[in-house]
Every structure is written in structure tokens, then in C-alpha cells.
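The numbers here are math on the coordinates, done by the rules we state, and not lab data. Computed from a prediction, not measured in an experiment: that's the story for all the values here. Backbone-built Cβ (ideal geometry, glycine too); neighbour counts: all protein chains shown.
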Protein chains: 2
Amino acid sequence: LKELKVTILAIGDEILIGQITDTNSQWIANELTKLGFTISKMLTVGDDKEAINSSIKDNQNDLLIITGGLGPTSDDITKDTLVNFFSSKLVIHKPTLNHLTNHFVLLGKEFDDLSKTQTYLPDNCKVLPNDFGTAPGMWFNYARGVVVSLPGVPFEMQSIWETIVVPELKKKFTLPNICHKTLHTIGISEVDLAERLVDWEKNLPSNVGLAYLPRLGTVRLRLTIVSRDDNSNQVVLQPLIESLYSLVGQFIFGEGTTSIELEIGKLLLSQAATIATAESCTGGNIGHLLTSVSGSSRYFNGGIISYSNEVKIASLSIPREVIMNEGAVSEQTVSFMATNVRKLLNSTYGLAVTGVAGPEGGTEEKPIGTVWIAFSSEERIVTKKLQLTPHREKNIQLSSVLALDLLRKNLINH
Amino acid sequence: LKELKVTILAIGDEILIGQITDTNSQWIANELTKLGFTISKMLTVGDDKEAINSSIKDNQNDLLIITGGLGPTSDDITKDTLVNFFSSKLVIHKPTLNHLTNHFVLLGKEFDDLSKTQTYLPDNCKVLPNDFGTAPGMWFNYARGVVVSLPGVPFEMQSIWETIVVPELKKKFTLPNICHKTLHTIGISEVDLAERLVDWEKNLPSNVGLAYLPRLGTVRLRLTIVSRDDNSNQVVLQPLIESLYSLVGQFIFGEGTTSIELEIGKLLLSQAATIATAESCTGGNIGHLLTSVSGSSRYFNGGIISYSNEVKIASLSIPREVIMNEGAVSEQTVSFMATNVRKLLNSTYGLAVTGVAGPEGGTEEKPIGTVWIAFSSEERIVTKKLQLTPHREKNIQLSSVLALDLLRKNLINH
């Protein structure tokens, strides 16, 4: 099987001056890698005919994917360059004309001349309709391979990609048989995971790869198997997945497309249980994470953000002497927070966090990054002390995720 | 003044397979643009000698900035390629040897042979010390201009950039005199802003540019003036800034490096006032935004996340019949939320949000995206109805930011 090489080209002055990050190229690279292509180059140039033209001319790869530079405000520089390169003739494209006519009727706006230029498309390309925008994509076949030009607006590009580009790529190219499997871990660093898996990794079959994908407080392990034609990928991966569970299973919280918030939601729903939160240093971020899941109102009752000591005392009924004697960042305080919020909000479980996020407020005894987390149910209270980083935002995110993991573990042991 | 052209080259297999986004190139592009350079190309290639070498060889620009591909795990491919290209000899660099020796002593780890290779550096480059990591940067002068190679870890790269690269660039190149001024707006879309400023923009002096930088719910307006040598930039910009205030002043909430959370913090501190929040559909995100500001404990008392109706009734003392008759998403409910949380948490002001974030829960009367926000002080209550989008995460973010803007406006009119 021949390696299929790709260049990804992003077009836009606003990328070059650092005004926006080009997220399209990464998104496409990830998609193409999953399909079995090899990206050998990513390139960004401005809205400039010469730069675009030489990028297309110099391309040595089987596939060139272009994003951006379409649309009436870009003065159609990209389209004109493609027309020139492929010696196309611009002709009215009826479906695009109909789509844009409807589009302007719906908007209640005039179908102006500038927008009408978008209905003229090269006669020797396959037009890729854009249901969510005005600039369609274009697919050109030529001796060297394929050039695909897509609009730069991410959701327009992604929609065209999924509905048309992927099926067309599968038709045009003979792709390897690739299978991915992702395990999500929490509570262990990338380095520590790699150390535990060093021998295991050495013994992986040569067509299986392992990637560590860290994201604040969690690390995803992605296994990839590439084979020429057989369909036994799942069969090969299954025992490898099982051995990963036996080696680092205590850190794994999910597989595939998931998150700690989603897993918690599933567990709470399966128990028909509810949760309430009491947050100090995380300031509402745990509530924010839990409610990022659609349908979370079925298990998240709410919470109390007890940022000041007075709120801890008045709204969470924590005895004043506990805060005075033990401090707001203490095992006693966090236990009261978790238990009292559970009772006050009439919930099955309570989850609490209190800590020193920084950069102010650290002491020798309780330096910045000292955080207490607690889980409370009718039967038990579980507390844990964390020693995190000197960085405020990192501490807020890490405490939130690690508190959610404490909740998850206790939901499993329920 | 000659235009100074730049290529930014990022090196890393993990970027090409879409595992990570290259944020370094955007960061550097923004910095270089502010200094007066013109970025003509951004490029990403893998950890591959040939690809790196031809990227350097093909560079036609005055300046080539390279990030990534350093460090012992990259097998020093980038360094070797540079050594080869510049016909360097690798010699021990004493300050780097001392730095790394201390580094490993502090870590309590052995200074292994692999790490020792990092102390060998080209004899014909200027070494750029890396205080926060193990791989130093390198600066090469040659006939075509300058090549700078920097480590890929963002905070290491940024630290080297600010302490050494910027001063060296200013020494090496004759840069134009550039001045930027940023105004932050809220509550108006990029398109609507552009419409209000269309005539104003036409009359801008030719050496002044205006950029619209949108970010969920806010749009930054950045004015840039480029001049050859005079120092009157501030003088030219001042009346332009003033005219912007007269045209769209009601939407401007700050200048320079700021955020709505920071501006609110300043206003509350200046009044020695405190704030409490009652959040339904935003689920704690407003608390999270307010507490992202260091020192926010001086004015943020806390809040109640009343996600369920029972919590609205039990913890926020909203009359059950109000929720039954008017609904949880109503002007009456949001008014009670703001006023009651203010009183319960003994705060100067109360801020509340309740709405239908979606994707479930919309009705004909209250479709997804219907959100009520309220501000409460001892003297008054101000409510506002928002009609947002069909997207849950967008609705959460927009409601949060627009609620904070309601607070800000009322703090100013205080």
C-alpha cells in the first residue's frame, strides 16, 4: 500500500498577523490521520494570488487541502487562482444559485452583485455544496492527484468535510484499514503513565502505535492499528486494551468520546441519584463543568459558592469556631461543606472544594496549591488533600477535575 | 523603510497528525506584527531532517523563526540540521552545562548522557539561554538574514522571546515606529460595529489600520499606526480614539489589556462593594469568571447555583407560586433570585441568570436561548431579556458575559 501524502494549506491574512489561530488545519490533520493519510506539510499564506499560486504549483503530494480565502470579502482570490491553475472556465452553477437565492430571501436582504459572483464556479471541478454558508467548496482532479478547496468558517468546512469530502476521498484513494481506541485516564501524569507502560510499549506489534494526549488533569491513551486489508483490527486491539486495564486500570475512567462530566452524569442517572456542590477556591467551575452536559438538570440540583468565610458560616452552616480554629482550608471545613450542602440541597451526594488557588493567600503551613476536596453521602465522608501548582488558573482547573474524580470513584464504589 | 519579511516554521510530528494545535506560530506572528515585521508564510513540518533542511534552504525572507524539534526526545534533529546548514562545529557551552547541572541536582535526578548532548551547541550561533527548560535557543546570522531556533514548549519559548529575542531583533533590524491601541466592546456584534464605523473607517489616515477581534460576546477594536520615524503616533491616535468613543462609546468597557471580569473587579473595589450571584442556566460559570481574577475574594462573597426549582425555592426563598405561575425562566423569578441572593449573602449587589440553555427544554413561548438576567441593589432592580442561540455552550458563555455587562453598567451608573 502506497503512503498517501497530504499538504494542508490555510489562506488568510488574519492568520499571518496573529489575529486568529488556524484551527482548521489541526482538525483536518486529525481527520486525515484517522483515515490513513500522512500529512507531510502544513502551510499558511496570505490572501495573495502569487503566494497561493506557488503553494499549489509547488505541491508534490497526492492531496492538497485548502481552507479559507473563499467568500465575497476575500475578492475571490483563491477561486481565481484555482481557475487559472486548472485552466477552468467560470460558469453559473444552478444549485448554488438556487441555494443563495433562498438564502437571501430568508435573510430578507438583497442578493447583491458581489454575492452573485459566488454562483460562478469552475466548469472542471466537482462543486461541494455549503448548506450553512454562501461559498461552496471545490474538488479538482488532476495528474498529480487531488486539490480540495473549502471555506474557512470551521462549521461550514466541517459540514462539507463530513458529508462529501470523506466519502469522495474513500472512493478516490485506496486507504489502509485503520482502527483507533481511546482510553481516558485521570489522576496520573503523562510521564508517570509512560513509565508504567514502558515495557508494555516495547512489546507492541509494529503496526500498533500508542499516543499520550494530555489535557489538564487527564491523559488520553490512543491506540492506533494500521493494516493493509484485513478486518481483524478489533481482534488485535482487544487484548491490548485489556492489558492496559490490568496495568493502569485504576486511572481509566472511560473509553471513546467521553469526559469526566459525562461519565459522572451516566453514573448518577443509573443510580437515580442527585448531586450538590459547595465550592470555595473553584468559584463555580465544578458547577460549570457538570452543567456543560446537556440533561444535567436531571441529577445536578445546584450548589453554593462559599467564597467568603461569612458565606461558609451563614449559608453552609459551618460552625464559626471550625473556621477560626482549623481554617477555611482544612479537612474539617471541607467535610462540613460537603455534608451540609448535601443536606441543604436535599441531594444524594455532596461534593466540596476549598483551597488556596493563589497567587495570594499562601502561608508556610498552607502554601499556594493546598486544596482539600470531600465527598459526602448519607453513609460516609471521604476527604483528600491535594498539593497542586503555583498557578491560579491551573489550580482551579485541576482541583475541579480531581474533585469530580473523587465523586466518580465514590459513585463506582457505591 | 524596507518591508521585513518573516517565515515562521513549526516542527513536530504531533502537530502534523493533528494531536496538538500549534499555538506558538500565532503567538509569534502577533508579536512580530506588533514590532512591524510582515509574516509572509507559516509552515509546519515533521521531525524530519530533509523536510527541515529544505524549509531552511528555501527560505527567501529576512527572518526565519523556528519553534520545536529541540530537546533530547526529538533526537536533536533540528539542531543537527542547523549545524549542517550553517557548517557549525558542536562545542560544549559552559553556561548551559552549569544550568543543566543545577537543574538535575534540583530534580534529584541523574544528569544522563542523553541530556548532556544538550550542552553541545553550534560554535557560530548566539546561544539563547532557557531559564525554564533544558533546550536553549539559537540565533544564527547569515547572508540572507537571521534564523532563530526556539524550543516548542510555549512558556519556555515566550520567556526566551521576551528577554532576548525582542531586544536582539530591535538591534539587528531597522523597525518602523508602530503603536497599537485596543478598545474592548461588549453587547454589539462585529457586523453591527463595522456598520456603525463604515464611514469613519473610510476616512482613516492611510497609515492607520483598524482590526475587529471578536471573542464570544465581546469585540476588541485594535487601532494600529505605522510611521517611519516620528514619535507622534500617540498624538495621531488620540483624536481617533476619542471619535470612536463618540460613535460607539456605549459599548466600550475598557482599553488595553483587560477583560469584563477585571473591569468589574476594579469598579467594585473602588466602591468597597461586594457582589453575590444566583445562577441557573449558567451553572456556576459567572462565579468561575469572577473568581478567575486574582484578589476577587475582596469583592465576591459567593453565590447560589439554583439549578433545580427546589433549590430556587428552598435556598433562594423564591415563592413556589411565582415559579409555578410565571415559570423558572421569567422576569419575576430572576428578580427574586438577584434580590434574595444579595440579601442572603449580605452583599451590596446581586446578579442573577435563568434561562433555557438547550438543547432540551425549549417551548414555543420560551424557545432555547431565552434568558433573563437581573441586577439588584438596595435601591433598584434591573432586568433584561436575552434571545440567544440554539447552542448550549454558546448560550452559557454569552449569558455569563452579558450578565456581567449588566452588572458593569449598573456599577457605572451607581
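Position A:P214: other-copy label points at 3.5 nm, ordered by increasing distance, label point 7 Å along Cα→C-beta.
Can you classify region A:350-400 as rounded, prolate or oblate using the Cα gyration tensor, where a ≥ b ≥ c are the square roots of its eigenvalues, rounded means a/c under 1.5, and otherwise it's prolate if a/b beats b/c and oblate if not? Judged from the Cα gyration tensor, region A:350-400 comes out prolate (a/c at least 1.5, a/b above b/c).
With the Cα gyration tensor of region A:1-70 giving a ≥ b ≥ c as the square roots of its eigenvalues, does the rule (a/c under 1.5 for rounded; else a/b larger than b/c for prolate; else oblate) give rounded, prolate or oblate? Here region A:1-70 falls in the oblate category.
Spread over its residues, the convex hull of the C-alpha atoms of region B:278-411 is 94 Å³ per residue.
Per the Cα gyration tensor, chain A maps to an equivalent ellipsoid with semi-axes of 51, 28, 20 Å, ordered largest to smallest. Placing +1 on the Cβ of every Lys and Arg and -1 on the Cβ of every Asp and Glu, with no other charges, gives region A:96-187 a dipole of roughly 520 debye about its Cα centre. 3J(HN,Hα) couplings calculated from phi for region B:346-351 with the Karplus curve 6.51 cos²θ - 1.76 cosθ + 1.60 (θ = phi - 60°) are, in sequence order, 6, 10, 5, 10, x, 10 Hz; Gly and Pro show x. Rounded to the nearest whole Hz, the Karplus-based 3J(HN,Hα) values (6.51 cos²θ - 1.76 cosθ + 1.60, θ = phi - 60°) of region A:272-284 follow the sequence 6, 10, 10, 10, 10, 10, 10, 10, 10, 5, 7, x, x, with x at glycine and proline. Loop-resident GluC sites (Glu not before Pro) (DSSP state other than H, G, I, E or B) in region A:321-381 with no more than 13 further Cβ atoms inside 10 Å of their Cβ: A:E360, A:E364, A:E365, A:E378, A:E379. Taking amide H atoms as placed 1.01 Å from N in the peptide plane, the amide H of B:I66 lies under 5 Å from those of B:L9, B:V148, B:S149, B:L150, each 5 or more residues away in sequence or on another chain.
Applying a DSSP loop filter and a limit of 12 other Cβ atoms within 10 Å to the trypsin sites (Lys or Arg not before Pro) in region A:325-382 leaves A:R380. For the pair region B:200-276 / region B:114-186, the C-alpha centres are spaced 30 Å from each other. What you get for chain A, charging only the Cβ of Lys and Arg (+1) and of Asp and Glu (-1), is a dipole of about 920 debye around the Cα centre.
Its relative contact order, with pairs defined as Cα atoms under 8 Å and 6+ residues apart, puts chain A at 10 percent.
Label-point spacing for B:E110 across the identical copies (point 7 Å from Cα in the Cβ direction), in nm and ascending order: 7.9.
Only beta bridges with both residues in region B:31-158 are counted; by DSSP, about 70 percent of them are antiparallel. Between the beta carbons of B:A272 and B:S294, assuming R0 = 25 Å, the FRET efficiency works out to 0.85 to the nearest 0.05. Between amide H atoms placed 1.01 Å from N, distances below 5 Å from B:S259 occur with no residue 5 or more places distant or on a separate chain. Here the residues A:H184, B:H414, ranked from fewest to most Cβ neighbours within 10 Å of their Cβ, fall in the order B:H414, A:H184. Annotation for region B:306-355 versus region A:335-361: alpha-carbon center distance of 21 Å. Ellipticity at 222 nm from helices only: DSSP H runs of n ≥ 4 in the protein assembly as shown, each -39500 (n - 2.57), divided by the residue count, give -11500 deg cm²/dmol.
Residue exposure proxy: B:C125, A:C281, B:C179, ordered by other Cβ atoms within 10 angstrom of their Cβ from fewest to most, comes out as B:C179, B:C125, A:C281. Residue by residue along B:10-19, Cβ atoms of other protein chains within 10 Å of the local Cβ number 6 on average. Charged neighbours of B:Q26, selected by a Cβ distance under 11 Å, balance to -4 (K, R count +1; D, E count -1). Structure note, pairs A:K366/B:K109; A:K2/A:K126; B:K126/B:K171; A:K266/A:K409: Cα-Cα distances above 19 angstrom occur for A:K366/B:K109; A:K2/A:K126. Taking the DSSP bridge list for the protein assembly as shown and keeping only pairs wholly inside it, about 65 percent are antiparallel.
Couplings 3J(HN,Hα) of region A:308-318, computed from phi: 9, 4, 5, 5, 4, 6, 6, 8, 10, 6, 7 Hz, in residue order, whole Hz [Karplus 6.51 cos²θ - 1.76 cosθ + 1.60, θ = phi - 60°; x for Gly and Pro]. Amide H to amide H distances under 5 Å link A:T370 with A:V356, A:L388, where only residues 5 or more positions off or on other chains count and H is placed in the peptide plane. Could you tell me which of rounded, prolate or oblate describes region A:82-169, using a ≥ b ≥ c as the square roots of the eigenvalues of the alpha-carbon gyration tensor, with rounded for a/c under 1.5 and, failing that, prolate when a/b is larger than b/c and oblate otherwise? In terms of gyration-tensor shape, oblate. Label-point spacing at B:I241 relative to the other copies reads 5.9 nm, in ascending order, each point sitting 7 Å out from Cα along Cα→Cβ.
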